[in-house]
Amino acid sequence: MAVNGSAPSSGLIVSFGEMLIDFVPTVSGVSLAEAPGFLKAPGGAPANVAIAVTRLGGKSAFVGKLGDDEFGHMLAGILKTNGVQADGINFDKGARTALAFVTLRADGEREFMFYRNPSADMLLTPDELNLDLIRSAKVFHYGSISLIVEPCRSAHLKAMEVAKEAGALLSYDPNLRLPLWSSEEEARKQIKSIWNYADVIKVSDVELEFLTGSNKIDDESAMSLWHPNLKLLLVTLGEKGCNYYTKKFHGSVGGFHVKTVDTTGAGDSFVGALLTKIVDDQAILEDEARLKEVLRFSCACGAITTTKKGAIPALPTESEALTLLKGGA
């Protein structure tokens, strides 16, 4: 399947986990306390991935739990408006939708302060899962935030198991958020507890350092995370692009130089693009030339996402990504 002018994918990508509201300061480069005001921005990595897929012409669904409150219904509405199937969403009458206050540093990187005690997403139970929807997934994508506490952890494990049994490709982006974990050791242990189930794993350079305990971003360090059932391991390097590893080959793809405003959602945009391109043609994972083309496209999508504030408004369309690719920026 060519990246250029490809037909919209028909296989369903189901994204599991949290959706929340990010409160982003109206001014960059200040602390939360110094911020004069905040804009509310829908977020949550798995939800961002689901919308990244539909924005590129793919088919996606979101599975998770929101508060039965104005914010929760607003988020469900945003998913539906963006063409994401919403029949995997539950609402909790007792708990609120999660909130995160995000500090945008002068360089566009972020720091987080979370309000989740507990939030609705943490209270999803295995019995509330829409198993028919999960079984219909060609790709099942998830992070690690849903592993932090019960009952959501059990729901995550059950959903993963059901998707795997039904033949889905399992995609894992740990999406490390250290402030949410009780300790670094616990985060490392739980993130790795489901490592060997995934077919595709994407980590950032920072996550690679965290998981390996090494400060080297090299092939040896990356391959220490390899497991025998893995089809593709990706290490994203921000504006420098990404490194890729499969059983038979490995290499790197360069990034794009753009004017970065806010890095929120860039990794989710990258993952959404990759999954959209491979969902109906998994043979790409064994063809280095085609995989490189897809990863270049994914890097373009990630780069575009950094040029605007907030994740969801910044997720690109196929034509925007192709424009950047043709420009060779």
Please enumerate the residues belonging to the range 173-199 that are of a type in the set (Gly, Ala, Ser) and part of a helix (DSSP H, G or I). ALA187, SER193
Conditions (1) in contact with a Leu (Cβ under 6 Å, 6 or more places away or on another chain); (2) exposed (fewer than 15 other Cβ atoms within 10 Å of the Cβ) -> GLU220 fails only (1)
Answer with yes or no whether LYS158 is in contact (Cβ under 8 Å) with a residue 12 or more places away in the chain, surrounded by 15 or more Cβ atoms within 10 Å (Cβ to Cβ) and under 30 Å from ASN130 (Cβ atoms). yes
LYS80 among the basic types (Lys, Arg) and assigned to a helix (DSSP H, G or I): yes
Given LYS164, LYS202, which one is part of a strand (DSSP E or B) and in contact (Cβ under 8 Å) with a residue 24 or more places away in the chain? LYS202
Looking across the range 112-132 at residues that are touching a residue at least 60 places away in the same chain (Cβ under 8 Å) and surrounded by fewer than 19 Cβ atoms within 10 Å (Cβ to Cβ), the single one that is nearest to GLY88 (Cα to Cα) is ASN130
Out of (1) farther than 26 Å from VAL84 by Cα; (2) open to solvent by 10 Å² or more (accessible area, probe 1.4 Å); (3) assigned to a loop (DSSP other than H, G, I, E, B); (4) in contact with a Leu (Cβ under 9 Å, 6 or more places away or on another chain), the odd one out for LYS309 is which? (1)
If you check ALA303, ALA311, which single one turns out to be among the small types (Gly, Ala, Ser) and over 13 Å from the mean Cα position of the chain (by Cα)? ALA303
Sole residue being within 27 Å of ARG135 (Cα to Cα), open to solvent by 50 Å² or more (accessible area, probe 1.4 Å) and in contact with a strand residue (DSSP E or B) (Cβ under 8 Å, 6 or more places away or on another chain), chosen from PHE91, PHE38, PHE62, PHE71: PHE91
VAL235 fails exactly one of (1) touching a helix residue (DSSP H, G or I) at 6+ places or on another chain (Cβ under 9 Å); (2) touching a residue at least 24 places away in the same chain (Cβ under 8 Å); (3) surrounded by fewer than 17 Cβ atoms within 10 Å (Cβ to Cβ), namely (3)
So LYS158, is it assigned to a helix (DSSP H, G or I) and within 26 Å of ALA222 (Cα to Cα): no
Return only the number of the condition from (1) open to solvent by 10 Å² or more (accessible area, probe 1.4 Å); (2) farther than 23 Å from TYR197 by Cα that ASP280 does not satisfy. (2)
Subset of the range 205-224 that is of a type outside the set (Asp, Glu) and in a helix (DSSP H, G or I) - its residue that is nearest to GLU109 (Cα to Cα): VAL206
Based on what the data block shows, is VAL24 crowded, with 19+ Cβ neighbours inside 10 Å and either closer than 29 Å to VAL261 by Cα or not charged (D, E, K, R) (or both)? yes
Could you count how many residues in the range 111-145 are within 16 Å of the chain's Cα centre (by Cα) and closer than 20 Å to VAL206 by Cα? 4
Selection count where residues are closer than 15 Å to ALA311 by Cα, open to solvent by less than 50 Å² (accessible area, probe 1.4 Å) and either of a type in the set (Val, Ile, Thr) or part of a loop (DSSP other than H, G, I, E, B) (or both), scope the range 238-276: 5
Residue check, ALA86 against (1) in a strand (DSSP E or B); (2) in contact with an Asp or Glu (Cβ under 9 Å, 6 or more places away or on another chain), all met but one. Which one? (2)
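The values are calculated or read from the model by the stated rules, or taken from the named source; none is laboratory data. All of these numbers come straight from a predicted model, not from anything done at the bench. Glycine gets a Cβ as well: all are built from the backbone with ideal geometry, and neighbour counts include every protein chain shown. These accessible areas exclude ligands, DNA and RNA; they are computed on the full protein's heavy atoms, side chains included. Shrake-Rupley method; radii C 1.70, N 1.55, O 1.52, S 1.80 Å.
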